Amino acid sequence: MEKTSSYIGSCFCGAVQFTVSGEPAAMGYCHCDSCRRWSAGPVNAFTLWKPSALRITQGAGKIGTYHKTPLSYRKWCKSCGGHLFTEHPEWGLTDVYAAVIPEFPFKVGVHVNYQETVLRIQDGAPKLKDLPKEMGGSGVAVPE
């Protein structure tokens, strides 16, 4: 019997708590303007999971939603304003921000929307102009 890994996460104040189980479909950094603004940082570290891998264990009623585009339902804690995750229904994935699952062994696999970057990162990971083809992007790689 194979053991499934689980990781505990929470918002900034701890009012919303959750677990993610298994392995993410992908992880990396997003450099788009929307993710930079939402995360208040020069890049957003993402971990993409099947929605069934995410389980809210406390504070579900304290989760707010901001729906700017059809691709993204951004979630945060109504008590502290701490960002939690973004649901991407068209892709069948949920982006759980790497920073809110502190014990998760994050390893960058790809940089997306690198054409919009404000912080060049030389880490040897692939840099995509926008998104992978299977997610509606061009899949075009750009130089580091």
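Assorted remarks:
- Comparing Gly92, Gly64, Ala141 along the charge dipole axis of segment 49-144, the residue lying farthest to the positive side is Gly64, per the Cβ-charge model.
- Distant-in-sequence amide contacts of Gly109, defined by a placed amide H-H separation under 5 Å and a gap of 5 or more residues or a different chain, comprise Met27, Gly28, Tyr29.
- Estimated translational D of segment 27-108 in µm²/s (Stokes, Kirkwood radius over Cα pairs; 10 °C; 1.306 mPa s): 121
- Rounded to the nearest 500, the 222 nm mean residue ellipticity of the chain from helices alone is -1000 deg cm²/dmol, with -39,500 (n - 2.57) taken per DSSP H run of at least 4 residues.
- For the chain, the longest site-free run once trypsin sites (Lys or Arg not before Pro) in DSSP loop states with at most 13 other Cβ atoms within 10 Å are removed: 4-106
- Electrostatic tally near Gly136: other residues with Cβ closer than 12 Å to its Cβ, Lys and Arg +1, Asp and Glu -1, net -2.
- Annotation: Cα Rg of the chain relative to the compact-globule expectation 2.2 N^0.38 Å equals 1.03.
- The accessible surface of the chain, taken with every protein chain in place and a 1.4 Å probe, is 54 percent carbon and sulfur.
- Within the listed set His88, His31, His67, the Gaussian network model of the chain (springs between alpha-carbon atoms below 10 Å) gives the highest mean-square fluctuation for His67.
- Rounded D (µm²/s) - segment 1-53, Kirkwood Rh over Cα pairs, Stokes-Einstein at 25 °C, 0.890 mPa s: 191
- Cα coordinate range in segment 74-144, projected on the principal axes (Å, largest first): 41, 27, 23
The values are calculated or read from the model by the stated rules, or taken from the named source; none is laboratory data. This is a predicted model, so every value here is computed, not measured. A quick note on method: Cβ atoms are made from the backbone with ideal geometry, for glycine too, and the neighbour counts reach across all protein chains shown. Please note that ligands, DNA and RNA were not included when accessible areas were found on the heavy atoms of the full protein model with its side chains. Shrake-Rupley method; radii C 1.70, N 1.55, O 1.52, S 1.80 Å.
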